[in-house]
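The values are calculated or read from the model by the stated rules, or taken from the named source; none is laboratory data. For clarity, every value in this text was computed on a predicted model and none was experimentally measured. Note that we place each Cβ from the backbone using ideal geometry, even for glycine, and neighbour counts take in every protein chain shown. Each accessible area value is taken on the protein alone, full model and side chains, heavy atoms only, with ligands, DNA and RNA left out. Shrake-Rupley method; radii C 1.70, N 1.55, O 1.52, S 1.80 Å.
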Amino acid sequence: MARPEKIRLGDLLINQKLLTDEQLKLSLAEQKRSGRKLGRIFVESGYVTEESIAQALAKQLQAPFIDLKTFSPKPQLIKLLPEAQARRFRAIVLDEDNGMLIIGFADPTDLVAYDEITRIVRREIFLAVVMESQLMGMIDRVYTRTEEIAGLAKELTTDMADVPAEFGNLLGLTTGAEDAPVVKLLNSVFEEALKTRASDIHIEPMEKNLVIRFRIDGVLHVQMEADSKIATAVILRLKLISGLDISEKRLPQDGRFNINLRNTSVDVRISSMPTQYGESVVMRLLNQSTGILGLDRMRIPTHVLERLRHAIHRPSGMVLVTGPTGSGKTTTLYAALSELNTPEKKVITVEDPVEYRLPGINQVQVLDKIDLTFDRVLRSALRQDPDIILVGEMRDQITAEIGMRASMTGHMVLSTLHTNDALSTPIRLLDMGVPPYMVALSLQLVLAQRLVRVICENCIEDYSPPPHEHEWLRYELKDEVDAHKYKKGRGCAHCNNTGYTGRQGVYEFLEMTNALVEAVNHGDPNHFMKLAREEMAGNTLRRDAVNLVLAGRTSVDEAMRISSQLEE
């Protein structure tokens, strides 16, 4: 394809009747004032869509427009253009045809980019037009840092073998920290974790190697395996930056630190634990730049959201969010807290650890080693005249009783509890030794939740469930099981061939009615469970997961996985 000519975007869109003279005039004035790109101003002003601009350019240049949403890239071709140049010139290698490279450009009028890429790839180029938003998303996905991380790990292994006496240099203690081998390795690991939306990083020393795994959408994936010799340096560096005792290797330790990557602030919670072959480290990544989700943005079913809001806006009482570790309980509590946080309310949180920092709220970090325990902080918090108290977890009878007394004396108390479902929560409190009258008088609502993976929109397809999934669906849908269409993800480059991208909550709630309060007060668990099941009929976690299946949001297999956790 011949080298493209320079095009005046505004004139092009006017000629194709996508833009008016007045809109162009206003946009040019805004460009002069702000310095932003004209195309972005058109889109942000609502004059024209990004796709319309791309298609208009493709039409003018007689080049194909490629929708990257449905495109599967070829890794061996993509690497012909390094990531730095792909980002700089906003272009990506898509395919090849008779020795000619097909390259997608977000701005096909950028002649400098065209010439530079031709020089870099040393091949003839066939130009295609793509949308910038899709392009940058694809670059984030396909340019993985796995090879770079492996290379840095090998470099660190070599350095440790060559200069064992200069261990401080390796850790960034005696040289510029950014140049230390272990620092470069960890920075690459953190950047890749952020890019792949990992929630946790697991660093695990084995007998012959060091394994680094990422938890993405609730599932662990092996990211890299390296020589076990580097484990000491990697873990020592992490302990240094998180303020842990580097001389202590026999006992578990917990800490935290903050890193800034790509203008993104990430809070890292770190836990170390001695294992057979060295210290294992797990880091939970909390992206502070995304902010706290509001309840409206959490896709909570309308009937559940109404009852949750009704409960948390009461002047007193207790609301519990339950579920296993990693089920999103803290996210839900913070969303509720952000809605309740107003200048008229005094809010105190007692947490271990403080996961998100919220302005206008008094947050207290529990610290057991100085006897700053949940119950001690909670007693002190009640003397601070709070309206709302968030307790990170009801860990024991003492904490539960103090929290419930607070809810009975004019405070709204929010907390979590590790139970399997909503209806077993009051029974669990009784088993902990909390008096029945306290549970009956204080508990207002229990919200149980899980997180299910959402089908990737780029490879979603129709699906006929096999017999075992069909029978599982029949339990909820009865004779209507064949009246619905089902979906699954085929697996593509956008979702790392998993078929899923992101997660969504499934919920159930138990509201303490007069009948349930009376059953708890009389200490009759069997009668309580019978009444609670009747109250929750058709509104269980399992049913909510099936509803997501029917909506095409998740697969039958994923709904079954969540259901199996409930039946354990």
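Select the strands (runs of 3 or more DSSP E) contained entirely in the range 236-342, then report the ones holding at least 1 residues which are open to solvent by 30 Å² or more (accessible area, probe 1.4 Å). Write out each step before concluding.
Details: elements: 253-261, 264-275, 278-287, 317-322.
In the range 236-342, the matching strands (runs of 3 or more DSSP E) lie at 253-261, 264-275, 278-287.
Can you pull out every residue in the range 506-533 that is among the polar types (S, T, N, Q) and open to solvent by less than 70 Å² (accessible area, probe 1.4 Å)? Write out each step before concluding.
Keep residues of the range 506-533 that are among the polar types (S, T, N, Q), which gives 513-514, 521, 526.
Across the range 506-533, the qualifying residue is only 513.
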note = Restricted to the range 27-50 and to residues being in contact with an Asp or Glu (Cβ under 8 Å, 6 or more places away or on another chain) and open to solvent by 40 Å² or more (accessible area, probe 1.4 Å), the residue farthest from residue 104 (Cα to Cα) is 45
message = With surrounded by fewer than 17 Cβ atoms within 10 Å (Cβ to Cβ), touching a strand residue (DSSP E or B) at 6+ places or on another chain (Cβ under 7 Å), at pLDDT 85 or above and not in a loop (DSSP other than H, G, I, E, B) as the only criterion, which of 204, 191, 225 stands out?
response = 225
remark   = The residue from 554, 540 that alone is under 14 Å from residue 421 (Cα atoms) and buried (at least 18 other Cβ atoms within 10 Å of the Cβ) is 540
task = Looking at (1) crowded, with 17+ Cβ neighbours inside 10 Å; (2) closer than 25 Å to residue 293 by Cα, find the lone condition where residue 547 falls short.
result = (1)
inquiry  = Could you check the range 427-454 and list, in sequence order, the residues that are open to solvent by 30 Å² or more (accessible area, probe 1.4 Å) and under 21 Å from residue 495 (Cα atoms)?
reply    = 451, 453
key: Every residue from the range 391-411 that is within 33 Å of the chain's Cα centre (by Cα), among the basic types (Lys, Arg) and part of a helix (DSSP H, G or I)   = none
inquiry  = I'm trying to understand the selection: among the residues of the range 80-123, which are surrounded by 14 or more Cβ atoms within 10 Å (Cβ to Cβ) and basic (Lys, Arg)?
reply    = 87, 90, 123
query = Got a number for residues in the range 317-354 being touching a helix residue (DSSP H, G or I) at 6+ places or on another chain (Cβ under 6 Å) and of a type in the set (Ser, Thr, Tyr)?
reply = 1
note = Picked from the range 476-500 (must be touching a residue at least 40 places away in the same chain (Cβ under 8 Å) and more than 26 Å from the chain's Cα centre (by Cα)), the residue least open to solvent (accessible area, probe 1.4 Å) is 477
ask   = Can residue 457 be described as more than 30 Å from residue 340 (Cα to Cα), in contact with a strand residue (DSSP E or B) (Cβ under 9 Å, 6 or more places away or on another chain), modelled with pLDDT under 90 and surrounded by fewer than 17 Cβ atoms within 10 Å (Cβ to Cβ)?
value = yes
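So, residue 503, is that one of a type in the set (Lys, Arg) and either out of contact with any strand residue (DSSP E or B) (no Cβ under 6 Å at 6 or more places or on another chain) or open to solvent by 40 Å² or more (accessible area, probe 1.4 Å) (or both) or not?
Details: of a type in the set (Lys, Arg): yes; either out of contact with any strand residue (DSSP E or B) (no Cβ under 6 Å at 6 or more places or on another chain) or open to solvent by 40 Å² or more (accessible area, probe 1.4 Å) (or both): yes.
The answer is yes for residue 503.
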ask   = What do you reckon, is residue 257 within 23 Å of residue 503 (Cα to Cα), among the hydrophobic types (A, V, I, L, M, F, W, C) and in contact with a strand residue (DSSP E or B) (Cβ under 9 Å, 6 or more places away or on another chain)?
value = no
